[in-house]
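Enquirer: Attaching a single structure in structure tokens format; questions to follow.
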Amino acid sequence: MGSKDLKISIITINYNNSAGLKETIQSVLNQDYLNIEYIVIDGDSTDGSKEVISDYKDQIHYWVTEPDKGIYNAMNKGIRAATGDYLLFLNSGDFLIDTQVIKGAVALGMTEDLVSGNMIFHERNENWCPPDVLTFKTFYEGTIPHPTTFIKRSLFDLVGLYNESYRVVSDWEFFILATCKFNCTYQHIDHYISRFLCDGLSSDPINMERILTERSKVLSTHFPLFLADYKDYAAMSVEMKKINYFIKCRRFVKRLFKSKKK
């Protein structure tokens, strides 16, 4: 199969965000790349989102509007419906950078299990470029951007669907399991994919305690032995940074005194 033949399933989940949903839908339908399967999962919205879906229903390959049990339950519905080679999650309010995004990403050669591109935080106009190499540290300290990461459909058969018992970290759990437990392959493409609207659960500071609690539970469940060693490593890294900072300060002071003597 050549790159141009890749089928990309884009999944949008929505609940009561009709304005954002319309913008997201338009950004997908305006793509120049032809082999896109578009899926919209709505949680029985009451704000006009159903009417937005109805306006575009002839161009959406699969859609449903019904009550769900949360974000990851909705995403799992989309995964089950998807038939593409790669899946990309673009929630309502997020949108693709321009009409060439998918064509450009595929042209760069998508071959690995996870293919992650760059993202822009819409409100702050800040960029997020994922690393070229993933390690346990990547996920212990952060993650890779969900709205710009193409996930091989077959990876969900290997790792499993998103864990619906968590409210905000199940995509992060999926990524850390895929890379650190199932040894999936990864590539970073230096290509901007989407603008991310910072209004979701994971972006709200009020949910930070929940995020840390859920992440801790994931790490304790899947990596209990490694976690103890990594905490020691992290603590040593902090101390080494302090030592390096002290050495740099000391060298600066020495150079300063030398210049004064001259």
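Just so you know, all these numbers are worked out from the coordinates, no wet-lab data involved. Fair warning: this is a prediction, and the values are worked out from it, not measured in the lab. For neighbour counting, all protein chains shown are included, and Cβ atoms are generated from backbone atoms with ideal geometry for every residue, glycine included.
Enquirer: Exposure proxy check: Ser194, Ser45 ranked by fewest other beta carbons within 10 Å?
Expert: Ordered by Cβ neighbours within 10 Å, fewest first: Ser45, Ser194.
Enquirer: If you don't mind, there's one more thing I want to ask. Read phi for every residue in the range 38-53 and hand back ³J(HN,Hα) as whole Hz from Karplus 6.51 cos²θ - 1.76 cosθ + 1.60, θ = phi - 60°, with x for Gly and Pro.
Expert: Listing the rounded values in order: 10, 10, 10, 10, 10, x, 6, 4, 10, 10, x, 4, 4, 5, 4, 4 Hz.
Enquirer: To the nearest 20 debye, what is the magnitude of the charge dipole of the range 62-184 about its Cα centre, counting +1 on the Cβ of each Lys and Arg and -1 on the Cβ of each Asp and Glu?
Expert: 200 debye
Enquirer: Could you compute the FRET efficiency for Met208 and Thr46, with r as their C-beta to C-beta distance and R0 at 25 Å, rounded to 0.05?
Expert: FRET efficiency, Met208 to Thr46: 0.30.
Enquirer: So, one more: Quick one: dipole size for the range 1-90, taken about the Cα centre, charges +1 on Lys/Arg Cβ and -1 on Asp/Glu Cβ, in debye to the nearest 20.
Expert: It works out to roughly 240 debye.
Enquirer: Given the range 3-222, what percent of its DSSP beta bridges are antiparallel, to the nearest 5?
Expert: 30 percent
Enquirer: For the range 3-222, what number of Lys pairs, 8 or more residues apart or on separate chains, have alpha-carbon atoms under 15 Å from each other?
Expert: So the count works out to 7.
Enquirer: Oh, and also: Would you mind getting me the FRET efficiency between Lys217 and Asp132? Use the beta-carbon distance for r and R0 = 22 Å, nearest 0.05.
Expert: 0.15
Enquirer: Post the alpha-carbon centroid distance, the range 142-196 to the range 76-106, in whole angstrom.
Expert: Measuring centre to centre over Cα atoms gives 13 Å.
Enquirer: If R0 is 30 Å, what FRET efficiency do you get for Arg167 and Glu66 from their C-beta distance, rounded to 0.05?
Expert: 0.90
Enquirer: Please list, ordered by chain and number, the residues whose modelled amide H lies under 5 Å from the amide H of Ile189; skip anything fewer than 5 residues away on the same chain.
Expert: Amide H neighbours of Ile189, under 5 Å, 5+ apart: Ser116, Gly117.
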